[in-house]
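The values are calculated or read from the model by the stated rules, or taken from the named source; none is laboratory data. These figures come from a predicted structure and were not determined experimentally. We place every Cβ from the backbone using ideal geometry, glycine too, and count neighbours over all the protein chains shown. To get the accessible areas, we keep the full protein, side chains included, count just its heavy atoms, and leave off ligands, DNA and RNA. Shrake-Rupley method; radii C 1.70, N 1.55, O 1.52, S 1.80 Å.
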Amino acid sequence: MSSYEKPRRGWGYCAPSPVLLLSLLTAAPLGLLGEETRQVSLKVISNWPDFSQNLLHIQAVGTNSTLHYVWSSLGPPAVLLVATNTPNSTLSVNWSLLLSSDPDGGLMVLPKKSIQFSSALVFTRLFEFDSTNMSDAASRPPGKSYPPYSLANFSWNNITDSLDPTTLSATFRGHPVRDPTGAFANGSLAFKVQAFSTSGRPAQPPRLLHSADTCQLEVALAGVSPRGNRSLFGLEIATLGPGPGCPSMQEQHSIDDEYAPAVFQLDQLLWSSLPSGFMQWRPVAFSQKQGSRESAMPCQSSPLYPTLAYLLPQSPIVRAFFKTQNNFCAFNLTFGASTGPGYWDQHYLSWSMLLGVGTPPVDALSPLILGIVAVALGAPALMLLAGGLFLLLGHKRYSEYQSIN
């Protein structure tokens, strides 16, 4: 689907229903409620002797559960998230089946009965629009549309070269196999994947709060020559989950922007199954490597819409794991506005998201905001108290006065 759906605007958000959060907590198996720490390992699984065909397997083992993230650049970039209720589950890959025309069973997590949740994300297309003559930032499409780049037709680096066990990260970097205009001659599209063994925040904005139950993806477009003077870029993402319907898209709002200045919103996808998985991001991208308020660009998202598998570029790992299941849903993200800042500033764009299982991380109010709230609420109370004492003492002094007459 290369057409754009009407986006949802805004930089603020509705909190998840307390009933939904309670149901997630009460219905999820105890082993999947959240681990404070996990033993995390990254492993590249290659198709020997062709080492250009490989998968990145992130295994996060907890006390009573295991999370498997399988990232792939076979076909379009994609990730499988599988959660099991045992610390002993394993990933099995049959390359002959996986690369065949019928890859069913080419990738499995064993034992199958231990699987509690599974979902997939497929990054299918990179859009580009020329917003030169667009004065309305809310218009759709946000400018003249160029033919999209199909990410299934990209050539990707050997993931082994970028594997960093210290930071638990690796980067897929690619460019179109055919690039007649030379747009990617000095640039690339990169997917940086990072896992976490405990909770925390990255040093760079948008500083999403992560836990041991999450994995982060940073998408970066750098050095690519735009086809328009003021090009905006977009990304199509397809999802596939355990249920027949689309996941729900929610917005959360906050009065606190300490970790992402001027951004008071957090967007997330929630799969309705129990236990649930989620995708979470802030509606902001950056036009510089060192993200800041000055380089922040709005990130607009369209509503989810059902789509058929044959309309999307096919991912072998998704077909192998989910077999004939094809109830895909998709949505689009657009980065920037015609008013700037934009990709054209430094030919750079980055956007980050989290993928995980269980209850999504929730930002608590920072000490600064708590202090401001305390002062804001405490000052009127002190004024009322002082006023009450003044009136009380004034009334007492008046009552003690005796007339000379």
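Starting from segment 159-175, keep only residues that are closer than 18 Å to Asn47 by Cα and open to solvent by 40 Å² or more (accessible area, probe 1.4 Å), then list their pairs with residues that are among the β-branched types (Val, Ile, Thr) and assigned to a strand (DSSP E or B) whose Cβ atoms are within a distance under 7 Å, requiring at least 6 positions of separation or different chains.
Thr160/Val44; Leu163/Val44
Among the candidates Arg319, Arg293, single out the residue that is assigned to a helix (DSSP H, G or I) and farther than 24 Å from Asp213 by Cα. Give the steps one after another, and end with the answer.
Numbers: Arg293 fails: assigned to a helix (DSSP H, G or I).
One residue alone meets the criteria, Arg319.
Among the residues of segment 331-359, write down those that are open to solvent by less than 20 Å² (accessible area, probe 1.4 Å) and under 20 Å from Cys215 (Cα atoms). Reasoning before the result, please.
Here is the first cut: in segment 331-359, the residues open to solvent by less than 20 Å² (accessible area, probe 1.4 Å) are 331-338, 342-343, 349-358.
Passing the criteria: Leu333, Ser350, Trp351, Ser352, Met353, Leu354, Leu355, Gly356, Val357, Gly358.
Taking into account only those residues within segment 215-230 that are modelled with pLDDT of 95 or more and polar (S, T, N, Q), which is most open to solvent (accessible area, probe 1.4 Å)?
Ser225
Is segment 259-281 home to any residue that is in a loop (DSSP other than H, G, I, E, B), open to solvent by 50 Å² or more (accessible area, probe 1.4 Å) and at pLDDT 90 or above?
no
May I ask you to verify whether Leu365 is under 24 Å from the mean Cα position of the chain (by Cα), surrounded by 14 or more Cβ atoms within 10 Å (Cβ to Cβ) and modelled with pLDDT under 70?
Details: under 24 Å from the mean Cα position of the chain (by Cα): yes; surrounded by 14 or more Cβ atoms within 10 Å (Cβ to Cβ): yes; modelled with pLDDT under 70: yes.
The answer is yes for Leu365.
Evaluate segment 316-330: report whether one residue or more is within 22 Å of the chain's Cα centre (by Cα), at pLDDT 75 or above and more than 30 Å from Gln53 (Cβ to Cβ).
no
Of (1) touching a strand residue (DSSP E or B) at 6+ places or on another chain (Cβ under 6 Å); (2) under 24 Å from Phe129 (Cβ atoms), Ala309 satisfies all except one. Which?
Evaluating Ala309 over (1) touching a strand residue (DSSP E or B) at 6+ places or on another chain (Cβ under 6 Å); (2) under 24 Å from Phe129 (Cβ atoms) leaves (2) as the failure.
Among the residues of segment 171-180, is any among the aliphatic types (A, V, I, L, M) and more than 21 Å from the chain's Cα centre (by Cα)? Break it down into steps so the answer makes sense when it comes.
Keep residues of segment 171-180 that are among the aliphatic types (A, V, I, L, M), which gives 177.
So of that shortlist, the ones also more than 21 Å from the chain's Cα centre (by Cα) come out as 177.
Looking for residues that are among the aliphatic types (A, V, I, L, M) and more than 21 Å from the chain's Cα centre (by Cα), one finds at least one in segment 171-180, hence yes.
Look at Ser96 and say whether it is open to solvent by 10 Å² or more (accessible area, probe 1.4 Å) and either β-branched (Val, Ile, Thr) or not in a strand (DSSP E or B) (or both). Don't jump to the end; show me each part of the working.
Numbers: open to solvent by 10 Å² or more (accessible area, probe 1.4 Å): yes; either β-branched (Val, Ile, Thr) or not in a strand (DSSP E or B) (or both): yes.
In short, yes.
Which members of segment 296-323 meet the condition of being of a type in the set (Gly, Ala, Ser) and open to solvent by 10 Å² or more (accessible area, probe 1.4 Å)?
Applying the first criterion (of a type in the set (Gly, Ala, Ser)) to segment 296-323 yields 296, 301-302, 309, 315, 320.
Scanning segment 296-323 gives Ala296, Ala309.
In segment 104-124, which residue that is at pLDDT 95 or above and part of a loop (DSSP other than H, G, I, E, B) is nearest to Ser46 (Cα to Cα)?
Ranking the qualifying residues of segment 104-124, first place goes to Gly106.
Has segment 83-92 got any residue that is at negative phi, in a strand (DSSP E or B) and open to solvent by 60 Å² or more (accessible area, probe 1.4 Å)?
Applying the first criterion (at negative phi) to segment 83-92 yields 83-92.
Cutting the leftovers down to in a strand (DSSP E or B) gives us 83-84, 90-92.
Add one more test, that the residue is open to solvent by 60 Å² or more (accessible area, probe 1.4 Å), and what stays is 90.
Yes, there is a match, as at least one residue in segment 83-92 is at negative phi, in a strand (DSSP E or B) and open to solvent by 60 Å² or more (accessible area, probe 1.4 Å).
Look at Leu151 and say whether it is modelled with pLDDT of 95 or more, more than 30 Å from Gly62 (Cβ to Cβ) and buried (at least 20 other Cβ atoms within 10 Å of the Cβ). Spell out how you get there, then give the answer.
Details: modelled with pLDDT of 95 or more: yes; more than 30 Å from Gly62 (Cβ to Cβ): yes; buried (at least 20 other Cβ atoms within 10 Å of the Cβ): yes.
In short, yes.
Can you tell me how many residues in segment 217-232 are assigned to a loop (DSSP other than H, G, I, E, B) and either under 30 Å from Thr167 (Cα atoms) or in contact with a helix residue (DSSP H, G or I) (Cβ under 6 Å, 6 or more places away or on another chain) (or both)? Can you show your working first?
Step one: of segment 217-232, the residues assigned to a loop (DSSP other than H, G, I, E, B) are 223-230.
Of the ones still in play, those that are also either under 30 Å from Thr167 (Cα atoms) or in contact with a helix residue (DSSP H, G or I) (Cβ under 6 Å, 6 or more places away or on another chain) (or both) are 223-224, 230.
Summing the residues that are assigned to a loop (DSSP other than H, G, I, E, B) and either under 30 Å from Thr167 (Cα atoms) or in contact with a helix residue (DSSP H, G or I) (Cβ under 6 Å, 6 or more places away or on another chain) (or both) in segment 217-232 gives 3.
When you look at Phe191, is it open to solvent by less than 50 Å² (accessible area, probe 1.4 Å), more than 22 Å from Ile45 (Cα to Cα) and not small (Gly, Ala, Ser), yes or no? Write out each step before concluding.
On the way: open to solvent by less than 50 Å² (accessible area, probe 1.4 Å): yes; more than 22 Å from Ile45 (Cα to Cα): no; not small (Gly, Ala, Ser): yes.
It is false that Phe191 is open to solvent by less than 50 Å² (accessible area, probe 1.4 Å), more than 22 Å from Ile45 (Cα to Cα) and not small (Gly, Ala, Ser).
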